[in-house]
Amino acid sequence: ENPPDEVMERLENDKYYRYCTYIYIPFQLVSLVLACYLWSATDVSWLGIDGGLGLISKIGLAISIGCVAGIGINTAHELGHKKDDLERWLSKITLAQSFYGHFYIEHNRGHHVRVATPEDPASSRFGESFWTFLPRTVWGSLRSSWSLEKDRLDRLGKKPWTIRNDVLHSWLMSVVLFGVLVAVFGLSVLPFLVLQAVFGFCLLETVNYLEHYGLNVV
C-alpha cells in the first residue's frame, strides 16, 4: 500500500533513503575488488580450500557479484533521477561495474517517454518470450541511448564522437575500472569481469521483462 499523500513530501525529503543509496556504492566496489582477488588468487587456504577457486566456485562467484552489480543498477536508477549533479555522477559510477552506463541516458530520456509503446526497447510485448526480449532490449537500449545523445549534441552543434557524449564517457568509466582491476589482478580476471557484468544487466532486463510484460498505451 502506498503512503498517503499528506506524508509524501516528508518522505521525499527524508535523507535516510538517500543515505541508503550512498552506502551501497562502497559496498558494491569493495565486493568487486575482493571477488577479483578471490578469482585470481592461487592460494585461498584461509577459506579451507586447497589452492585457488575451482571452476564451479568461480562461476558461483561471478553470479553472486553479478547480483550485486544488478542491484547496483537499481541504486543507479534512483540516483539518476535526482537533480543533484553529484548524485547523477554517482549513478554513472555505480553503472560502471555492469558496463551498462548507457542505461542512465536511455532510461531517463527514452524509456520514461516511450514506456509501453512499440518504440520502447525495455517494454516486453505480449506473447514475447524472455529470450526473444533479452537481445532486443539490450541492443535496442544501446541504439536508443546513442540516438538520444546524438540528437542532444546535434542541437548543441557538436559531433557525437566527443567526451561530452554521456554514452562514451560512461563506457570510458567502465573501461578505466576494468583496466585498473586487470592491471592489479592480472588478465585472468577479465572473464570474471565480463561474466558478472552480463549477469548484472541481464538481472535488470529480467525485471524489465516482468514489470512491463504486455503493457500497451492506447
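The values are calculated or read from the model by the stated rules, or taken from the named source; none is laboratory data. Since this is a predicted model, take the numbers as computed values, not measurements. Positions of Cβ are generated from backbone atoms using ideal geometry, with glycine treated the same way; all protein chains shown enter the neighbour counts.
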Within region 69-94, restricting to residues that are of a type in the set (A, V, I, L, M) and surrounded by 23 or more Cβ atoms within 10 Å (Cβ to Cβ), the one that is farthest from residue 106 (Cα to Cα) is 69
Legend entry - So residue 98, is it in contact with a Gly (Cβ under 7 Å, 6 or more places away or on another chain), in contact (Cβ under 8 Å) with a residue 24 or more places away in the chain, surrounded by 13 or more Cβ atoms within 10 Å (Cβ to Cβ) and not in a helix (DSSP H, G or I): yes
With respect to residue 122, determine if the residue is within 15 Å of residue 173 (Cα to Cα) and surrounded by 22 or more Cβ atoms within 10 Å (Cβ to Cβ).
-> no
Log entry, pairs with first residue in region 126-137 being closer than 17 Å to residue 199 by Cα, second being of a type in the set (Phe, Trp, Tyr) and surrounded by 10 or more Cβ atoms within 10 Å (Cβ to Cβ), beta carbons closer than 7 Å, six or more apart or on different chains, reads 130/209; 133/209
A careful count of residues in region 160-178 that are of a type outside the set (Val, Ile, Thr) and loosely packed, with under 11 Cβ neighbours inside 10 Å gives 1
Taking region 1-30 and keeping residues of a type in the set (D, E, K, R) and part of a helix (DSSP H, G or I) leaves 5, 6, 9, 10, 12, 15, 18
Considering residues that are loosely packed, with under 11 Cβ neighbours inside 10 Å and in a helix (DSSP H, G or I), the number found within region 31-46 is 2
Given (1) at pLDDT below 95; (2) buried (at least 17 other Cβ atoms within 10 Å of the Cβ), residue 199 misses just (1)
Log entry, pairs with first residue in region 167-192 being over 25 Å from residue 60 (Cβ atoms) and at pLDDT 95 or above, second being among the aromatic types (Phe, Trp, Tyr) and surrounded by 12 or more Cβ atoms within 10 Å (Cβ to Cβ), beta carbons closer than 9 Å, six or more apart or on different chains, reads 175/99
Residues in region 143-168 that are among the aromatic types (Phe, Trp, Tyr) and under 19 Å from residue 98 (Cα atoms) total 1
Of the residues in region 21-62, those that are touching a residue at least 12 places away in the same chain (Cβ under 8 Å), of a type in the set (S, T, N, Q) and within 16 Å of residue 189 (Cβ to Cβ) number 2
Q: Tell me, yes or no, whether region 51-65 has at least one residue that is over 24 Å from residue 175 (Cα atoms), among the hydroxyl-bearing types (Ser, Thr, Tyr) and buried (at least 23 other Cβ atoms within 10 Å of the Cβ).
A: no
Of (1) at pLDDT 95 or above; (2) in contact with a helix residue (DSSP H, G or I) (Cβ under 9 Å, 6 or more places away or on another chain), residue 60 fails just (2)
